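Student: Next up is a structure, given as structure tokens.
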Amino acid sequence: MALTLAATPLGNPGDASPRLKSAIESAEIIAAEDSRRFHRLCSDIGVTFTGKVISFFDGNETARTEEVLSLLRTGKNVLVVSDAGMPTISDPGFRLMRDAIAEKIDVKVIPGPSAPTMAIALSGLPTDRFTFEGFAPRSQGAREAFFESLRFEERTMVLFEAPHRLKESLDDAVTVFGKNRKGAICREMTKTYEETIRGDLSHLSEWATTHEVLGEITLVIEGASAGSAEKSGQEMVARVREFEAAGMDRKGAIATVADEFDLPKRIVYAAVVDANKMRP
């Protein structure tokens, strides 16, 4: 028995590896995110399968995980594939992999296409250190808080976004990171209408405003400059003390600086508290 997670093409069937084709042909059970898309993939890459296909998607992942584990315990070989890319990367599979490992079931991964790594290579932004953030939250408030938590992230950031929310997401990114932060929109990678739009965030936002955005979107954003969090904290504290020296009370000074830096008051307050702790 063995559990195998296999990467599938993002769009171009020519990216299917010989190992993927062999795994599909030999699997007894195939857990596919979308059975119709799996059948289409097999047709596109010229593979015939004999294994039983079961659905394995976000909505049934918990129940299916136990079912697949039961099949593995009986000695079945199970292959997990998502619609595109590597299972577990913003797709089902993590819980199953974790639980299979806990039960000491043999697990394998067949490497292959992955949207985050392809996008960061296409972006032209630093690749030595990067972080994958999945999908940005849908609501504006949650999305702003999401970007705020990444304000001083120094690694290149990669995330997914729905095409109809790209403009709003980029506007929030401009608000938090500033209009000059570099980024890239990677659209329809490996497919017929693949394109990459590079530039600062204001340019990307303008592009999203003036174009009809369709297809799969991966967004890459440049990380913050090294030490920017410390520098920003020092600048905030210095401004608070300037206002206090001019006669303003601390609460008012913090509120004013928060408006000036376009930051939540709690961040300015925390910077002041930390600075006071460092005073002799």
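Student: Taking Ser169, is it under 19 Å from Gly134 (Cα atoms), in contact with a Leu (Cβ under 8 Å, 6 or more places away or on another chain) and either at pLDDT 90 or above or assigned by TED's automatic domain parsing to the domain that holds Thr8 (or both)?
Tutor: yes
Student: Is it the case that the stretch 61-83 has a residue that's free of Cβ contacts under 8 Å to residues at least 40 places away in the same chain, touching a strand residue (DSSP E or B) at 6+ places or on another chain (Cβ under 8 Å), outside the structural domain of Tyr193 (by TED's automatic domain parsing) and not polar (S, T, N, Q)?
Tutor: So far as the stretch 61-83 goes, yes, one or more of its residues are free of Cβ contacts under 8 Å to residues at least 40 places away in the same chain, touching a strand residue (DSSP E or B) at 6+ places or on another chain (Cβ under 8 Å), outside the structural domain of Tyr193 (by TED's automatic domain parsing) and not polar (S, T, N, Q).
Student: Are any of the residues in the stretch 234-245 at pLDDT below 95, within 22 Å of Thr127 (Cα to Cα), of a type in the set (Lys, Arg) and outside any strand (DSSP E or B)?
Tutor: No, every residue in the stretch 234-245 fails to be at pLDDT below 95, within 22 Å of Thr127 (Cα to Cα), of a type in the set (Lys, Arg) and outside any strand (DSSP E or B).
Student: Checking the conditions here, which among Val213, Val268 is surrounded by 15 or more Cβ atoms within 10 Å (Cβ to Cβ) and assigned to a helix (DSSP H, G or I)?
Tutor: From the options Val213, Val268, the qualifying one is Val268.
Student: Same structure, new question: Among the residues that make up the stretch 90-103, is at least one of them among the aromatic types (Phe, Trp, Tyr), more than 19 Å from Asn12 (Cα to Cα), surrounded by 14 or more Cβ atoms within 10 Å (Cβ to Cβ) and not assigned by TED's automatic domain parsing to the domain that holds Glu33? Working first, answer last.
Tutor: Going through the stretch 90-103, the residues among the aromatic types (Phe, Trp, Tyr) turn out to be 94.
Remaining after also requiring more than 19 Å from Asn12 (Cα to Cα): 94.
Filter once more, so that each one left must be surrounded by 14 or more Cβ atoms within 10 Å (Cβ to Cβ): 94.
Among the residues that remain, those that are also not assigned by TED's automatic domain parsing to the domain that holds Glu33 are: none.
For the stretch 90-103, residues among the aromatic types (Phe, Trp, Tyr), more than 19 Å from Asn12 (Cα to Cα), surrounded by 14 or more Cβ atoms within 10 Å (Cβ to Cβ) and not assigned by TED's automatic domain parsing to the domain that holds Glu33: absent.
Student: Thr127: outside the structural domain of Arg73 (by TED's automatic domain parsing), surrounded by fewer than 18 Cβ atoms within 10 Å (Cβ to Cβ) and hydroxyl-bearing (Ser, Thr, Tyr), yes or no?
Tutor: Against the criterion (outside the structural domain of Arg73 (by TED's automatic domain parsing), surrounded by fewer than 18 Cβ atoms within 10 Å (Cβ to Cβ) and hydroxyl-bearing (Ser, Thr, Tyr)), Thr127 qualifies.
Student: Moving to a separate point now. Filter the stretch 41-54 down to residues that are of a type in the set (Val, Ile, Thr) and more than 18 Å from Lys191 (Cβ to Cβ) and give me whichever is nearest to the chain's Cα centre (by Cα).
Tutor: Only one residue tops the list, namely Ile54.
Student: Restricting the stretch 244-265 to residues that are within 32 Å of the chain's Cα centre (by Cα) and surrounded by fewer than 15 Cβ atoms within 10 Å (Cβ to Cβ), which is nearest to Phe177 (Cα to Cα)?
Tutor: So, considering only residues that are within 32 Å of the chain's Cα centre (by Cα) and surrounded by fewer than 15 Cβ atoms within 10 Å (Cβ to Cβ), the one nearest to Phe177 (Cα to Cα) is Asp262.
Student: Among the listed residues Ala84, Ala115, identify the single one that is farther than 12 Å from Ala6 by Cα, under 24 Å from the mean Cα position of the chain (by Cα), surrounded by 15 or more Cβ atoms within 10 Å (Cβ to Cβ) and small (Gly, Ala, Ser).
Tutor: One residue alone meets the criteria, Ala115.
Student: Given the criteria at pLDDT 95 or above, buried (at least 18 other Cβ atoms within 10 Å of the Cβ) and of a type in the set (D, E, K, R), does Lys182 qualify?
Tutor: Against the criterion (at pLDDT 95 or above, buried (at least 18 other Cβ atoms within 10 Å of the Cβ) and of a type in the set (D, E, K, R)), Lys182 qualifies.
Student: Tell me, please, whether a residue that is assigned to a helix (DSSP H, G or I), more than 16 Å from Phe94 (Cβ to Cβ), at pLDDT 95 or above and more than 25 Å from the chain's Cα centre (by Cα) can be found in the stretch 55-70.
Tutor: Yes: one or more hits.
Student: Could you list, in sequence order, the residues of the stretch 21-40 that are within 24 Å of the chain's Cα centre (by Cα) and part of a helix (DSSP H, G or I)?
Tutor: Selection gives Arg37, Phe38.
Student: Can I ask one more? Go through Thr210, Thr218, Thr196, Thr190 for me and flag whichever is free of Cβ contacts under 8 Å to residues at least 24 places away in the same chain and of a type in the set (Val, Ile, Thr).
Tutor: On the way: Thr218 fails: free of Cβ contacts under 8 Å to residues at least 24 places away in the same chain; Thr196 fails: free of Cβ contacts under 8 Å to residues at least 24 places away in the same chain; Thr190 fails: free of Cβ contacts under 8 Å to residues at least 24 places away in the same chain.
Result: Thr210 is the single residue among Thr210, Thr218, Thr196, Thr190 that is free of Cβ contacts under 8 Å to residues at least 24 places away in the same chain and of a type in the set (Val, Ile, Thr).
Student: Given the conditions (1) surrounded by 14 or more Cβ atoms within 10 Å (Cβ to Cβ); (2) over 23 Å from the mean Cα position of the chain (by Cα); (3) of a type outside the set (Asp, Glu), and given that Ile110 satisfies all but one, which numbered condition is not satisfied?
Tutor: Just one mismatch for Ile110, condition (2).
This table checks each residue for (1) in contact with a Lys or Arg (Cβ under 8 Å, 6 or more places away or on another chain); (2) at positive phi.
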position: Thr88; (1), (2): no, yes
position: Arg98; (1), (2): no, no
position: Ile101; (1), (2): no, no
position: Asp106; (1), (2): no, no
position: Pro111; (1), (2): no, no
position: Ala119; (1), (2): no, no
position: Leu122; (1), (2): no, no
position: Leu125; (1), (2): yes, no
position: Asp128; (1), (2): no, no
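Student: Any chance you could count how many residues in the stretch 184-235 are under 17 Å from the mean Cα position of the chain (by Cα) and under 30 Å from Asp274 (Cβ atoms)?
Tutor: Total meeting the criteria: 3.
The values are calculated or read from the model by the stated rules, or taken from the named source; none is laboratory data. Treat the numbers as computed from the prediction; the structure is a model and nothing was measured. A quick note on method: Cβ atoms are made from the backbone with ideal geometry, for glycine too, and the neighbour counts reach across all protein chains shown.
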